[in-house]
Amino acid sequence: MTDTTAIHKSKANDPLRIAVVGHTNTGKTSLLRTLTRDAGFGEVSPRPSTTRHVEGARLNLGRELIVELYDTPGMEDAIALLEVLDAQAAGGGKRLDGPARIAQFLQSPVASSRFEQEAKVLRQTLQSDAALYVIDARDPVLAKYRDELDILTSCAVPILPLLNFVRDPRADERAWRDALARLRLHVLVSFDTVAPARGGERVLYEKLATLLDQRGEGLLRLAVGHEQEAQQRRIAATQLVAELLVDAAACRERVDRADEAAVLAEALAEFNRRVRDREQACVDALLGLYRFSHRDIEATSLPLTEGRWRDDLFDPTTLTALGISLGRGAAAGAAAGFGVDLMLGGATLGAAAAIGALLGGGLQTARRFGRRLGGALRQKILGSVTGSRFLRIDDTILQVLATRQLFLLHALEGRGHAAVAQIAVAPEPAPVAWKGDLPAILRRAREYPGWSTLYESSNWDAERERSVEALAQVLQTLTAEAGQPRFGGRGALR
Ligand SMILES: Nc1nc2c(ncn2[C@@H]2O[C@H](COP(=O)(O)OP(=O)(O)OP(=O)(O)O)[C@@H](O)[C@H]2O)c(=O)[nH]1
Ligand SMILES: [Mg+2]
């Protein structure tokens with residue numbers, strides 16, 4: 001008899017044990033990263049044989065441990081191993097079934113020498129309730145894969161082949177499906193670990209559950225639970241963006257002695273800094289919510305440098321890249337780095353943002369733009385008007401804020417934790433959060449400066465909460481669909 005006492009199968013109430021196995025470099029560790037939403041799990045690299053030991057990770061539903069996933073080293077020489085297994089079976093003089101053959105191999109000297117890596121994989125597979133066999137779908141169907149599957153099926157645990165890299169144009173899903181069917185593996189799943197399809201995780205767990213029959217019940221609950229978590233995450237994310245937009249739209253800062261250019265310029269600079277910091281806070285919160293970090297964003301295209309948004313929220317090239325055209329006045333303001341409306345005596349000036357240019361660009365710019373704006377307006381701006389003056393964020397900048405956050409949100413939604421390429425927020429074609437006038441909710445926010453947290457004097461009320469909620473709901477419909485968001489299209493903000 002073969003000694004199988006070292007093999008401990010899980011019991012009915014234990015968490016399920018799933019071994020993640022396959023040829024080297026097919027994305028096994030990457031799969032664990034994505035399923036656990038932990039970008040720090042294990043080591044991932046384009047080099048073969050990166051994972052050298054079995055490493056476990058847990059999938060919980062609340063506090064309940066449902067699944068233990070085991071990452072394993074890649075199998076490297078299945079053809080030679082199969083020869084050894086066949087020779088051992090022939091030499092033993094007894095007809096052994098699959099698991100007994102594997103157990104016999106595990107006790108032989110080669111299992112701790114030449115085939116040490118493969119032995120770790122097989123030991124873990126024997127101890128598991130099922131195995132996910134990860135395939136690089138770009139690879140042609142070669143004999144080595146057939147031999148690997150031949151050996152793995154000998155362990156007598158259900159095997160679910162998982163086609164990885166399916167988003168790559170070289171992936172040949174059809175060829176793999178045919179080849180696997182010939183090996184009597186008819187249930188398989190396509191799952192790109194770097195950019196999993198929405199709902200892909202659910203399909204994976206459901207298919208695995210069918211192979212596990214009654215023991216699959218926990219997986220079905222896990223699938224539902226994780227989808228609910230994803231939905232809650234999306235709601236929380238759109239609330240973060242809605243909060244930012246209401247904060248920014250409502251913000252209005254009174255400027256005393258505004259007729260002094262230097263004072264106003266200083267106030268404008270401070271205002272811009274607060275808007276940028278507020279946007280940064282939203283980015284940080286979104287990254288945290290999705291369990292990503294600043295390393296996941298390309299510093300050049302998403303205007304982030306060293307973990308901070310670069311100071312180009314008000315930069316005309318940012319606006320142009322996002323497909324947002326500026327009115328002449330706003331463009332002039334933006335050119336000088338001030339996307340801010342100045343309200344004089346409570347009324348917004350049409351070309352108000354140009355004031356930023358007048359004041360921020362120094363006397364020379366002031367003269368240049370002042371001439372362009374005409375004498376009367378120039379007079380008005382440069383100090384002959386009495387009464388209150390307020391700074392507030394330009395409509396165009398609000399649109400940029402919304403577009404950037406929605407784009408980031410969309411990228412985070414579709415990103416697996418195995419992804420190594422950074423998010424490049426240089427949308428092509430450029431999405432815009434809305435077309436034309438400011439949406440009604442934000443227009444309304446404009447009327448309630450106390451709703452903003454940009455300056456200390458916040459005065460929140462139930463109406464603000466309702467506005468944030470309503471805005472978040474619109475944002476949810478914009479982000480609910482998979483694929484490229486069309487922010488300006490149907491369902492866009494009005
Ligand atoms: N584009 C893309 N790259 C992927 C995908 N999955 C894995 N990779 C990359 O493929 C390489 C190998 O990934 P790993 O997760 O280390 O593969 P592994 O199977 O654990 O490798 P070993 O531990 O060496 O057996 C890494 O460079 C990954 O970033 C995918 O779905 N798409
Ligand atoms: Mg690995």
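The values are calculated or read from the model by the stated rules, or taken from the named source; none is laboratory data. Note that the structure is a prediction, hence the values are computed from the model and not measured. Virtual Cβ from ideal backbone geometry, glycine too; neighbours counted across all protein chains shown.
Would you mind finding the one in 166, 121, 134 that is in the same structural domain as residue 54 (by TED's automatic domain parsing), assigned to a strand (DSSP E or B) and in contact with a Ser or Thr (Cβ under 7 Å, 6 or more places away or on another chain)?
Selected residue: 134, the only one of 166, 121, 134 that is in the same structural domain as residue 54 (by TED's automatic domain parsing), assigned to a strand (DSSP E or B) and in contact with a Ser or Thr (Cβ under 7 Å, 6 or more places away or on another chain).
Could you give me the residue pairs with C-beta distances under 7 Å whose first residue belongs to the stretch 198-220 and is of a type in the set (S, T, N, Q), whose second residue is assigned to a helix (DSSP H, G or I) wherever it lies, and which are 6+ apart or on separate chains?
Taking only residues 6 or more apart or on different chains, the pairs are 210/216.
Among the residues in the stretch 81-94, are any among the polar types (S, T, N, Q) and more than 16 Å from ligand 1 (Cβ to nearest atom)?
yes
Kindly indicate whether residue 65 is in the same structural domain as residue 43 (by TED's automatic domain parsing) and either part of a loop (DSSP other than H, G, I, E, B) or touching a Leu at 6+ places or on another chain (Cβ under 7 Å) (or both).
Answer is no for this residue.
Only one of these conditions is not met by residue 70: (1) farther than 23 Å from residue 200 by Cα; (2) modelled with pLDDT of 95 or more; (3) within 13 Å of ligand 2 (Cβ to nearest atom). Which number is it?
(1)
Modelled with pLDDT of 90 or more and within 26 Å of residue 214 (Cβ to Cβ): does that describe residue 65?
In short, yes.
Can you go through 166, 134, 121 and tell me which one is of a type in the set (Val, Ile, Thr) and free of Cβ contacts under 8 Å to residues at least 60 places away in the same chain?
166 is the lone residue from the list that is of a type in the set (Val, Ile, Thr) and free of Cβ contacts under 8 Å to residues at least 60 places away in the same chain.
Please verify whether residue 159 is closer than 30 Å to residue 225 by Cα, buried (at least 20 other Cβ atoms within 10 Å of the Cβ) and of a type in the set (A, V, I, L, M), treating the condition exactly as stated.
Details: closer than 30 Å to residue 225 by Cα: yes; buried (at least 20 other Cβ atoms within 10 Å of the Cβ): yes; of a type in the set (A, V, I, L, M): yes.
The answer is yes for residue 159.
Could you check the stretch 111-135 and list, in sequence order, the residues that are within 16 Å of ligand 2 (Cβ to nearest atom) and closer than 26 Å to residue 215 by Cβ?
120, 121, 124, 125, 131, 132, 133, 134, 135
Residue 95 fails exactly one of the following numbered conditions: (1) within 28 Å of the chain's Cα centre (by Cα); (2) in a loop (DSSP other than H, G, I, E, B); (3) away from ligand 2 (no atom under 16 Å from the Cβ); (4) not aliphatic (A, V, I, L, M). What is the number of that condition?
So residue 95 meets the others, but not (1).
Output the residues belonging to the stretch 213-227 that are among the hydrophobic types (A, V, I, L, M, F, W, C) and touching a helix residue (DSSP H, G or I) at 6+ places or on another chain (Cβ under 7 Å).
219, 220, 222, 223
Out of the stretch 48-63, which residues are without any contact (Cβ under 8 Å) to a residue 60 or more places away in the chain and away from ligand 2 (no atom under 16 Å from the Cβ)? Steps first, please.
If we filter the stretch 48-63 for residues that are without any contact (Cβ under 8 Å) to a residue 60 or more places away in the chain, which is where we start, we get 48, 50-51, 55-58, 60, 63.
If the condition is that a residue be without any contact (Cβ under 8 Å) to a residue 60 or more places away in the chain and away from ligand 2 (no atom under 16 Å from the Cβ), then 58, 60, 63 are the ones that fit.
Of all residues in the stretch 1-55, which are of a type in the set (Val, Ile, Thr), more than 7 Å from ligand 1 (Cβ to nearest atom) and either modelled with pLDDT of 95 or more or in the same structural domain as residue 72 (by TED's automatic domain parsing) (or both)?
Answer for the stretch 1-55, where residues must be of a type in the set (Val, Ile, Thr), more than 7 Å from ligand 1 (Cβ to nearest atom) and either modelled with pLDDT of 95 or more or in the same structural domain as residue 72 (by TED's automatic domain parsing) (or both): 18, 20, 21, 34, 36, 54.
Quick one: would you say residue 110 is surrounded by fewer than 19 Cβ atoms within 10 Å (Cβ to Cβ), among the hydrophobic types (A, V, I, L, M, F, W, C) and not assigned by TED's automatic domain parsing to the domain that holds residue 297? If you could, list the steps in order and put the result at the bottom.
Details: surrounded by fewer than 19 Cβ atoms within 10 Å (Cβ to Cβ): yes; among the hydrophobic types (A, V, I, L, M, F, W, C): yes; not assigned by TED's automatic domain parsing to the domain that holds residue 297: yes.
Answer is yes for this residue.
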